[in-house]
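J.: Sharing a structure below in structure tokens format, with a few things to ask.
Derivation of every value follows stated rules applied to the coordinates shown; laboratory data play no part. Quantities reported herein were computed from a predicted structural model and do not represent experimental measurements. Backbone-built Cβ (ideal geometry, glycine too); neighbour counts: all protein chains shown.
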Amino acid sequence: MFPITRSIAVRNVCKVQTFLNTPSLLRHQTFLHNKAVRSELQSQQRIIYNFLKEQRRFQSSKQGKEDKSEKTPISWRISVVFAIVGGLYALHLYNTMKNQELREAKRKRKKLGTAAIGGTYELIDFDGKTRTDKDFLGKWVLMYFGFTHCPDICPDEIEKLVKVVDKIDADKELPNIQPVFITVDPDRDTPKAMKQYCEEFSPKIIGLTGSKEKIDEACKNFRVYYSKGPEDEDGDYIVDHTIIAYLLNPKGEFVEYFGKNKTYQMLVDEIKEYMEKYALFED
């Protein structure tokens with residue numbers, strides 16, 4: 001029985017080998033072989049990973065028996081490394097963003113510096129003293145053009161500016177700011193009238209007036225439009241003018257302008273930001 005069985009088995013093996021040697025099946029075998037190799041590599045990786053995992057668990061268990069309040073040395077070192085790397089990256093990111101912000105601020109500052117806004121002027125304050133732009137060098141200045149007979153807009157804007165100045169001055173980390181009020185109605189706004197008007201809002205305000213020619217020169221330099229309206233039967237009239245406040249830095253340079261739509265808090269935040277950036281430039 002054994003020879004017959006052996007013979008049958010040999011024939012069956014030959015048939016199987018013949019079948020396995022067909023081209024289509026050879027490709028399939030190659031694919032299965034590669035898949036098997038990959039499977040074997042993945043299996044080896046899992047074995048190594050599980051071995052290392054067990055090692056860490058063993059070390060953790062051993063260390064916990066010695067001192068349960070302490071972490072394993074590996075975990076502690078990794079935490080420190082990640083903390084240092086994360087801190088350095090955060091510092092690098094902060095410095096990068098800060099440098100970009102400074103470059104953008106410098107670019108904007110140069111751009112504003114080329115704008116034909118601001119310049120020299122020679123006027124008279126409410127004490128009859130001649131004042132020029134040079135008298136305010138070294139100070140931040142918040143300048144507004146208006147007139148004392150303005151029924152509503154000028155009082156509202158000046159009151160807002162005074163509130164902003166008081167808020168800035170109250171911050172000990174910021175320099176004080178000088179409010180300046182320049183009239184666009186020199187015919188009626190004498191030094192005495194300017195003094196009485198400014199004192200109604202704040203003793204900090206310096207009111208400036210002068211001849212029409214000097215007022216025109218100042219308005220031209222700051223691109224301020226104004227136009228005297230028709231007089232009524234009592235000789236009263238309204239002066240139409242630009243409703244803008246100007247921010248000047250301690251060098252007397254134009255920094256920014258603020259329209260009527262700017263709220264009190266918006267002005268405080270923006271002026272504070274300009275002051276801080278200016279301090280960085282000077283340092």
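J.: Just subtract the alpha-carbon distance of D171 and A279 from 0.36 nm times their residue separation and send over the number in nm, one decimal.
T.: 37.4 nm
J.: Which FRET efficiency value, to the nearest 0.05, is calculated for T130 and T263 with the Förster distance at 45 angstrom and r the Cβ-Cβ distance?
T.: About 0.80, to the nearest 0.05.
J.: Out of residues 5 or more away from F145 or on other chains, whose amide H comes under 5 Å of its own, with H placed 1.01 Å from N in the peptide plane?
T.: I182, I244
J.: Compute the projected area of the convex hull of the Cα atoms of region 168-263, averaged over all viewing directions, and report it in nm² to one decimal place.
T.: For region 168-263, averaging the hull's shadow over all directions gives 7.9 nm².
J.: Determine the sum of side-chain charges near Q178: Lys and Arg each +1, Asp and Glu each -1, restricted to other residues whose C-beta is under 13 angstrom from that of Q178.
T.: Net charge in that neighbourhood comes out at -2.
J.: Using a simple spin-label model with points 7 Å from Cα along the Cα→Cβ vector, what separation in nm is obtained for Y237 and R223?
T.: About 2.7 nm, to one decimal.
J.: Which cross-chain or sequence-distant (5 or more) residues have an amide H under 5 Å from the amide H of R131, H modelled 1.01 Å from N in plane?
T.: Long-range HN contacts for R131: L123, I124, D125.
J.: Evaluate the distance, in nm, between pseudo-label points positioned 7 Å from the Cα of D152 and of S202 along their respective Cα→Cβ axes.
T.: Taking the two extended label points, one gets 2.4 nm.
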